[in-house]
Amino acid sequence: MQILDGKLVSAAVKAQLADKVTELKALDKKVPHLAAILVGNNPASETYVASKVKSCAEIGFHSTLLRFDEKISEKHLLDNITLLNENADIDGILVQLPLPKHINEELVINAIDPSKDVDGFHPMNVGKMVIGLPTYIPATPYGIMLMLEHYNIPTKGKHAVVIGRSNIVGTPMSVLLSRNANPGNCTVTLTHSQTANLKELCLQADIIVAAIGRPNFVTADMVKEGAVVIDVGINRIEDASKKSGFRLVGDVDFNAVAPKTSFITPVPGGVGLMTIAALLKNTYNAASQKVNMN
Ligand SMILES: NC(=O)C1=CN([C@@H]2O[C@H](COP(=O)(O)OP(=O)(O)OC[C@H]3O[C@@H](n4cnc5c(N)ncnc54)[C@H](OP(=O)(O)O)[C@@H]3O)[C@@H](O)[C@H]2O)C=CC1
Ligand SMILES: Nc1nc(=O)c2c([nH]1)NC[C@@H]1CN(c3ccc(C(=O)N[C@@H](CCC(=O)O)C(=O)O)cc3)C=[N+]21
């Protein structure tokens, strides 16, 4: 069993981007600039956005964080997105999800200029991804592909079972793994809450991607010996011994599952860090006006 180290791989991706920033600066060119919008004060969203902003600073990108009260009107939010769309200094725009219930998430995503949509959530970019045109790939599945690539994990002809069909993780993950590319060329089974025989399907999987949002959902009896297990879940479990009052666990029962696997991602220290690295890559590509389909 080998741990897929998100800290190591994300650091390598960030180091590449930092080198590119150094080159841009030497040529007196503008550095990439990410704008992040955070509405309300959901503690998890605060953490993610803070770490995106911090990562930008580490590699020399500019970032602007726009914070709004959770009572912000939909119109005011949309107007701010329009301003960012029109601002030539801003290369990438990210609206941290979830949004408060009174705001229509679809309207907000649709309002982002597709050329600045570094999350890859705009329907135009989703469509491009599905038909294999160059575009921004949603950061979490993109980060997972970078991880598979870094460790040279064989994917061709493998059976991948993706658990969860969300627009931001499971569905794009299934598209990327089934592409004629490397990594890719998997036979993909996309599963969800209505899947009848999940355990049987998982037992056939060479690669399992778990994106459900439930601690310990994937148990050892669901995993074939030698499988690759990618744990996307981020679940907060109360833990009085921690200063924060909680600890993070994934969707996989790590201690029981890890010994059966060939490769597994830890939580924390796995996919989450790759998500940020992938977002930074998308932002670099946005700034250089060329989107990347890898
Ligand atoms: N590490 C990272 O960078 C990121 C981590 N996450 C984490 O990943 C997890 C998933 O996130 P996200 O995709 O946004 O979640 P969603 O809640 O949007 O989707 C969850 C999916 O799991 C499916 N599901 C729920 N229960 C079952 C079940 N009993 N059996 C099979 N499938 C089930 C749902 O099915 P149905 O469609 O039928 O309801 C749904 O498709 C969360 O823990 C989230 O915090 C998310 C984004 C990035
Ligand atoms: N528009 C939008 N884009 C997103 O990319 C987006 C989003 N909305 N909403 C929520 C999810 C979740 N997400 C994570 C990012 C980083 C970590 C991360 O850095 N995790 C660290 C630990 C973080 C910690 O310690 O709290 C780790 O796994 O090691 C996790 C999860 C991005 N998301």
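Once region 267-278 is narrowed to residues that are near ligand 2 (Cβ under 6 Å from one of its atoms) and of a type outside the set (G, A, S), the residue that is farthest from L17 (Cα to Cα) is V267. Scanning region 211-239 for residues that are more than 16 Å from ligand 2 (Cβ to nearest atom), in a loop (DSSP other than H, G, I, E, B) and not polar (S, T, N, Q) yields F217, V223, K224, E225, G226, A227.
Only one entry in K281, K242 is among the charged types (D, E, K, R), in a helix (DSSP H, G or I) and within 16 Å of ligand 2 (Cβ to nearest atom), namely K281.
Step by step: first the residues of region 161-172, then only those that are of a type in the set (A, V, I, L, M, F, W, C) and over 12 Å from I207 (Cα atoms), then the one that is surrounded by the fewest Cβ atoms within 10 Å (Cβ to Cβ). Which residue is that? Among them, the one singled out is I168.
State whether one or more residues within region 54-63 are within 16 Å of ligand 1 (Cβ to nearest atom) and either outside any loop (DSSP other than H, G, I, E, B) or loosely packed, with under 14 Cβ neighbours inside 10 Å (or both). Yes, that holds for at least one residue. Output the number of the condition that V49 fails; it satisfies all remaining conditions of (1) more than 15 Å from ligand 2 (Cβ to nearest atom); (2) under 17 Å from the mean Cα position of the chain (by Cα). The one condition V49 does not meet is (1). From the list L99, L133, the lone residue that is of a type in the set (A, V, I, L, M, F, W, C), within 16 Å of ligand 2 (Cβ to nearest atom) and under 20 Å from the mean Cα position of the chain (by Cα) is L99.
Considering the conditions (1) under 17 Å from the mean Cα position of the chain (by Cα); (2) part of a strand (DSSP E or B); (3) surrounded by fewer than 17 Cβ atoms within 10 Å (Cβ to Cβ), R67 is excluded by exactly one of them, (1).
Any read-out appearing in this document is the output of simple, stated calculations on the displayed coordinates, not a laboratory observation. These numbers were taken from a predicted model, which means no experiment stands behind them. With ideal geometry, Cβ positions are generated from the backbone for all residues, glycine too; neighbour counts draw on all protein chains shown.
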